[in-house]
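Student: After the structure tokens below, expect a handful of questions from me.
The values are calculated or read from the model by the stated rules, or taken from the named source; none is laboratory data. From a predicted model like this one, the values you see are computed outputs, not experimental measurements. All Cβ positions, even for glycine, are placed from backbone atoms using ideal geometry, and neighbour counts span all protein chains on display. For the accessible areas, the whole protein counts, side chains as well, though only heavy atoms, and no ligand, DNA or RNA atoms are used. Shrake-Rupley method; radii C 1.70, N 1.55, O 1.52, S 1.80 Å.
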Amino acid sequence: MSVVRISDDALARACGADELAAAFTRAGAEVERVSSWGMHWLEPLVEVSGVGYGPATIDDVAAILDGSSDKAIGRIDQHPFIVNQQRLTFARAGRTRPLSLEDYAATGGWQGLERARAIGPEKTIEEVITSGLRGRGGAGFPAGIKWQTVAKAAAARKYVVCNADEGDSGTFADRMLMEGDPFAIIEGMAIAAHAVGAHHGYIYVRSEYPDAIGTLEAAIALSASKVAPFELEVRAGAGAYVCGEETSLLNSLEGKRGEVRAKPPLPALKGLFGCPTVVNNVLTLTAIPHIVAEGGAEEYARLGIDRSRGTKPIQIAGNVRHGGLYETAFGITLRELVYDIGGGTASGRPVKAVQVGGPLGAYIHPDQFDLPFDYEAYAAADALIGHGGVVVFDDTADMADMARFALEFCAAESCGKCTPCRIGAVRGVEIVDRIRAGGRGRDRVESLPQMHNAAKAGRGRREQVALLEDLCDTMKYGSLCALGGFTPYPVLSALRHWPADFGHSGEPENADGI
Amino acid sequence: MNREQALGEIIARHAGREGPLLPILHDVQRELGCVDDAVEATIAAELNLSRAEVHGVVSFYHDFHAEADDRPEVQVCRAEACKARGVEALIAGAEAAAGTRVRLSTVYCLGLCSVGPNARVGDRLHARLDTGSLKRLIESV
């Protein structure tokens, strides 16, 4: 009997993959647990001789084994969702057993590290620069330049830190890699360590990802001899969203409050415990082995558009029919992602908005769906790519609710270090409430007889809108990090594109816009 | 083994690590159920930190609690992707099912954003929840 392959990714398990695997074992089949293909609407997805069946339940076991199941989707590697992708970072997704060193080596594993050791640190960094790889965590800083800075810094001790604090709603690419291809992260870190001269590394994983922590720890133990003398360990976060910000993450690793540090000094010069530190996202580090392998850098640089080179693993999530992991070269439009690939909303209702880039990303109106996936194009449209999460909302979404939530979230997760974020978020929630209430009457102070210059009437909705815009301006330019600095994106985009949800016409009250 | 011994063992377990405070606090929270004043004082003395420094860290992170709560916990994700998939409509029913017996808490993202609404109980994740399945999950813990 052929082998039955079922994903042991956390998402598949949450959808019942463990129970399904046990049922196949009971039925006498040999079950192999592999990583996820990333077609989440089909999870738990069962693969027998290359043919997929999903979403499978325990009731389908007998029919899948005798080949008569109506859940068959044909050959998985020929599925349009997979065929149309360009998978470099996710090349192994669905194909290998996550903790099998044999599978990893058979699919090109360790070739990048071997080549890096052969060509030496300087040439390795050159390759990364040639590839045009930019930090995949959100900021998009050129990875090779960061490495060069750390390599040139003179210090007895340097570190490589993998930022796996994937807190953005709508993102799961880091989690899938940690659970599905942990050796690739370890190899990427080992190459980084070799290139900059570090001997110790940390992977900072959020505590909401227990499966990822377990898989990484097992993978580190299995591959210790491969990456020696480089040593690395996993550290669990403790439920603070802001610790995905690199300086806050470093403080957390040091055992401090996860407060943001002012930059400069850059972590590349004074990072963990004051030592030069490479801090890269999971996706950045996992792209490295492919880039450093023979011919990888040129291939990577050929893909993409403008200054956004290579591929981006995009995560299609929220109210969408075909959600999952879609890795493709930069330049794809939202229209293709949401309609052609995602199949529209899961609810069957019209698409109202798409949030790209996590809780701090702008809400994008269907009118803007031709925007190409590119760092600069998004920035020009007052939006951001961030970590590549795409969350689809149908027409039942209340965008004023979402704007309020963005500010509430910022208030709850603010580290408290800078005022625009700590106070601004709270004031922002209050202003959104006042906009929705149509403004406010005169307050106690304004009503005092001696307050001659105070407004004689209350404050209308438009004044509150102007106040919110002012506040967002202050947060955007005055905050220390992206949490306070980017919270205005979802708020202002919601206000701009869906003023009716705020009970606001969107038109200025008079010619002066007041 | 009493609390002091357990705490001593946890601290000893992480001795010699760089930045040991968070790993220690995780183990304390898991094994002792909370990080209270007495624990903070002991950790501060052992790590040569001030109590304020330790308290600052404990109070900063959502995962650490000053008081133990023995009730079973169900964490429901209420971040954007799960909102888009209708989690808010499930909350009233979930609160009714939880009552005072179950601690119903909010978490921002479990990373299963294409199959929400999602919940976590211990280290087990649950996806594609609706009113009925979330109620059954809460009643089963």
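Student: Share of segment A:4-83's accessible area from carbon and sulfur, percent, 1.4 Å?
Tutor: Values: 1510 of 3010 Å².
Here it works out to 50 percent.
Student: Which FRET efficiency value, to the nearest 0.05, is calculated for B:Ala52 and A:Ser68 with the Förster distance at 51 angstrom and r the Cβ-Cβ distance? Let's see the in-between values first.
Tutor: Values: r = 68 Å, r/R0 = 1.33.
That pair, B:Ala52 with A:Ser68, gives E of 0.15.
Student: Okay, moving on. Ignoring any ligand, DNA or RNA, what whole percent of the accessible area of segment A:400-502 comes from carbon and sulfur when the probe is 1.4 angstrom? It would help to have the intermediate numbers written out before the result.
Tutor: On the way: 2540 of 4850 Å².
Using a 1.4 Å probe with all protein chains present, segment A:400-502 comes out at 52 percent carbon and sulfur.
Student: Follow-up question, since we're still on this one. Round to a whole angstrom and tell me the spacing of the C-alpha centers of segment A:255-301 and segment B:5-62.
Tutor: Each part reduced to its Cα centre gives a spacing of 29 Å.
Student: Continuing with the same structure: Can you tell me how segment B:3-60 classifies by the Cα gyration tensor, rounded, prolate or oblate, using a/c under 1.5 as the rounded cut?
Tutor: Working: a/c = 1.34, a/b = 1.08, b/c = 1.25.
It is rounded, given that a/c, with a ≥ b ≥ c, falls under 1.5.
Student: Related question: With every protein chain kept in place and ligands, DNA and RNA left out, what is the accessible area per residue of segment B:3-60? Probe 1.4 Å, answer in Å². The partial results should precede the final answer.
Tutor: Numbers: 2810 Å² over 58 residues.
I get 48 Å² per residue for this part.
Student: Write out the trypsin sites (Lys or Arg not before Pro) in segment A:267-319 meeting two conditions: DSSP loop, and at most 13 other Cβ atoms within 10 Å of their Cβ.
Tutor: Working: sites: A:Lys270, A:Arg302, A:Arg307, A:Arg309; in loops: A:Lys270, A:Arg307.
In loop regions of segment A:267-319 (DSSP not H, G, I, E or B), the sparsely surrounded trypsin sites (Lys or Arg not before Pro) are A:Arg307.
Student: Give the A-B buried accessible area in Å², both sides summed, 1.4 Å probe, nearest 100. Before the final figure, lay out each step's value.
Tutor: Working: alone 20620 and 8520 Å², together 25420 Å².
In total, chains A and B hide about 3700 Å² from solvent.
Student: How many nm separate the modelled label positions at A:Ala22 and A:Glu126, each set 7 Å beyond the Cα in the direction of the Cβ?
Tutor: 5.7
Student: Still on this model: Tell me the relative contact order for segment A:370-432 as a rounded percent, counting alpha carbon contacts under 8 Å between residues six or more apart.
Tutor: Working: 33 pairs, mean separation 14.4, N = 63.
Dividing the mean separation by the residue count of segment A:370-432 yields 23 percent.
Student: On to the next question. Give, in nm to one decimal, the length gained when the segment between A:Arg442 and A:Thr333 is fully stretched (0.36 nm per residue of separation minus the Cα-Cα distance). Walk me through the numbers on the way to the answer.
Tutor: On the way: separation 109, 0.36 × 109 = 39.24 nm, distance 4.74 nm.
Between A:Arg442 and A:Thr333, full extension yields an extra 34.5 nm.
Student: D for segment A:94-246, whole µm²/s, Stokes-Einstein with Kirkwood Rh over alpha-carbon pairs at 37 °C and 0.692 mPa s: what number? Before the final figure, lay out each step's value.
Tutor: On the way: Rh = 16.0 Å.
The calculation lands on 205 µm²/s.
Student: While we're looking at this one, here's another question. Over the C-alpha atoms of segment A:345-481, what are the Rg and the largest Cα-to-Cα span, Dmax, in Å?
Tutor: Over segment A:345-481's Cα set, Rg and Dmax evaluate to 17.9, 59 Å.
Student: Give me the percent relative contact order of segment B:3-60, please, defined on Cα pairs under 8 angstrom at least 6 residues apart.
Tutor: Working: 28 pairs, mean separation 15.0, N = 58.
Answer for segment B:3-60 is 26 percent.
Student: Further question: Beta carbons within 10 angstrom, averaged per residue: use that to sort the peptides A:13-23, A:318-328, B:35-45, highest first.
Tutor: Working: A:13-23: 21.1, A:318-328: 26.0, B:35-45: 17.8.
Going by the mean number of other Cβ atoms within 10 Å, highest first, we get A:318-328, A:13-23, B:35-45.
Student: Enumerate the helices in chain A for which the Kyte-Doolittle hydropathy averages 0.5 or more and the C-alpha atoms extend at least 15 Å along the helix's axis, using complete DSSP H runs. Numbers along the way, then the final one.
Tutor: Values: long enough: A:111-131 (19 Å, -0.47); A:182-196 (21 Å, 1.51); A:210-227 (25 Å, 0.81); A:282-292 (16 Å, 1.87); A:399-413 (21 Å, 0.65); A:419-436 (25 Å, 0.13); A:461-478 (25 Å, -0.61).
Passing helices, by number: A:182-196, A:210-227, A:282-292, A:399-413.
Student: Using a Förster distance of 35 angstrom, determine the FRET efficiency expected from the C-beta separation of A:Ala301 and A:Ala500, and round it to 0.05. If you can, show how the numbers build up before the last one.
Tutor: Values: r = 45 Å, r/R0 = 1.29.
Approximately 0.20, to the nearest 0.05.
Student: Please get the size of the charge dipole for segment A:304-397, origin at its Cα centre, with Cβ charges of +1 on Lys and Arg and -1 on Asp and Glu, quoted in debye to the nearest 20. Before the final figure, lay out each step's value.
Tutor: Values: 7 positive and 11 negative charges, 47 e Å.
In total the dipole reaches around 220 debye.
Student: If I take R0 = 25 Å and measure r between the Cβ atoms of A:Ala412 and B:Leu32 in this structure, what FRET efficiency does the formula 1/(1 + (r/R0)^6) give, to the nearest 0.05?
Tutor: Values: r = 26 Å, r/R0 = 1.04.
Calculated transfer efficiency: 0.45.
Student: Name the residue from B:Ile43, B:Tyr108, B:Asn2 whose Cα lies farthest towards the positive end of the charge dipole of chain B, charges +1 on Cβ of Lys and Arg and -1 on Cβ of Asp and Glu.
Tutor: After comparing all options, I get B:Tyr108.
Student: Related question: Enter the mean number of other protein chain beta carbons within 10 Å of the beta carbon of each residue in A:359-366, as an integer.
Tutor: Per residue, the number of nearby Cβ atoms from other chains is 1 on average.
Student: Moving on to the next point. Need the per-residue list for segment A:149-181: every residue with at least 30 Å² less accessible surface in the complex of protein chains than in the chain by itself, probe 1.4 Å, sorted by number.
Tutor: In segment A:149-181, residues shielded by partner chains: A:Ser169.
Student: If you don't mind, another one. So for segment A:240-392, taking the charge dipole from beta-carbon charges (+1 Lys/Arg, -1 Asp/Glu), which of A:Thr328, A:Gln315, A:Pro265 sits furthest toward the positive end?
Tutor: Positive-most Cα among the choices belongs to A:Pro265.
Student: Sticking with this one: Residues of segment B:73-140: accessible area per residue at 1.4 Å, in Å²? Each step should come with its number before you reach the end.
Tutor: Values: 2640 Å² over 68 residues.
Each residue of segment B:73-140 exposes 39 Å² on average to a 1.4 Å probe.
Student: Can you give me the relative contact order of chain B as a percent, contacts being Cα pairs under 8 Å and 6 or more apart?
Tutor: So the answer I get is 19 percent.
Student: What is the Cα coordinate range of segment A:400-502 on the first, second and third principal axes, sorted by size from largest, in whole angstrom?
Tutor: Taking max minus min along each principal axis of the Cα atoms, segment A:400-502 gives 43, 32, 20 Å.
Student: Right, next: Per-residue mean of other chain beta-carbon atoms within 10 angstrom of the beta-carbon, peptide A:254-261?
Tutor: Average neighbour count from other chains, rounded to a whole number: 5.
Student: Per residue, how much accessible area does chain A show when a 1.4 Å probe rolls over the protein heavy atoms, in square angstrom? The partial results should precede the final answer.
Tutor: Details: 18860 Å² over 514 residues.
Here the per-residue accessible area is 37 Å².
Student: Comparing the chain by itself with all protein chains present, which residues of segment A:318-349 are at least 40 Å² less accessible (probe 1.4 Å)?
Tutor: The answer is A:Gly318 - residues whose exposure falls by at least 40 Å² when every protein chain is included.
Student: Thinking of segment B:73-140 as a set of Cα atoms, what percent of all their pairs are more than 18 Å apart?
Tutor: On the way: 516 of 2278 pairs.
Result for the distance tail: 23 percent.
Student: Right, another one. Taking the protein assembly as shown as the region of interest, what is the percent of Cα-Cα pairs per 10 angstrom bin, listed from the shortest bin to the one with the maximum distance?
Tutor: 3, 15, 25, 27, 19, 8, 2, 1, 0, 0
Student: Using a Debye calculation, one point per C-alpha and no hydration shell, please list log10 I(q)/I(0) for segment A:138-197 at q = 0.13, 0.20, 0.25, 0.26 Å⁻¹ in order.
Tutor: For the requested q values the scattering log ratios are -0.43, -0.89, -1.12, -1.15.
Student: If the viscosity is 1.306 mPa s and the temperature 10 °C, what Stokes-Einstein diffusion coefficient in µm²/s follows for segment B:68-107 when Rh is the Kirkwood radius over Cα pairs? Display every interim value, and only then the final one.
Tutor: On the way: Rh = 10.7 Å.
D = 148 µm²/s.
Student: Taking +1 at the Cβ of each Lys and Arg and -1 at the Cβ of each Asp and Glu, which of A:Ala91, A:Ala118, A:Gly50 sits farthest along the dipole of segment A:13-135 towards its positive end, judged by Cα position relative to the Cα centre?
Tutor: Among A:Ala91, A:Ala118, A:Gly50, the one farthest towards the positive end of the dipole of segment A:13-135 is A:Ala118.
Student: Going by the alpha-carbon gyration tensor, a ≥ b ≥ c the square roots of its eigenvalues, is segment A:173-278 rounded (a/c under 1.5) or, if a/c is not under 1.5, prolate (a/b greater than b/c) versus oblate? If you can, show how the numbers build up before the last one.
Tutor: Details: a/c = 2.19, a/b = 1.21, b/c = 1.80.
Note, shape of segment A:173-278 comes out oblate.
Student: So, one more: Give me the percent of the accessible area of segment A:207-254 that comes from carbon and sulfur atoms, probe 1.4 Å, all protein chains in place. Please list the in-between numbers first.
Tutor: Working: 760 of 1380 Å².
Of the solvent-accessible surface of segment A:207-254, carbon and sulfur hold 55 percent.
Student: Treat every Asp and Glu Cβ in segment A:400-502 as -1 and every Lys and Arg Cβ as +1, leave all other atoms uncharged, and give the resulting dipole magnitude about the Cα centre to the nearest 20 debye.
Tutor: It works out to roughly 260 debye.
Student: Now, a different point. Report, ordered by chain and residue number, the lysines lying within cross-link reach of A:Lys152, taken as a straight Cα distance under 27 Å and ignoring same-chain residues fewer than 8 apart.
Tutor: A:Lys123, A:Lys226, A:Lys263, A:Lys270
Student: Within segment B:30-65, list the residues whose amide N lies under 19 Å from a label point set 7 Å along Cα→Cβ of B:Glu9.
Tutor: B:30-36, B:39-40, B:42-43
Student: Measure of size requested: the Rg and Dmax of segment A:4-83, with Cα atoms as the atom set and Å as the unit; please supply both.
Tutor: Rg then Dmax for segment A:4-83, in Å: 11.1, 33.
Student: Let me ask you something else. Sort chain B into rounded, prolate or oblate with this rule: let a ≥ b ≥ c be the square roots of the eigenvalues of the Cα gyration tensor; rounded if a/c is under 1.5, and if a/c is not under 1.5, prolate when a/b is larger than b/c, oblate otherwise.
Tutor: Since a/c reaches 1.5 and a/b is larger than b/c, the shape of chain B is classed as prolate.
Student: Let me ask something else. Just give the residues from segment A:225-239 buried by at least 40 square angstrom of accessible area in the all-chains context relative to the isolated chain, probe 1.4 Å, and say none if nothing qualifies.
Tutor: A:Arg235, A:Ala238
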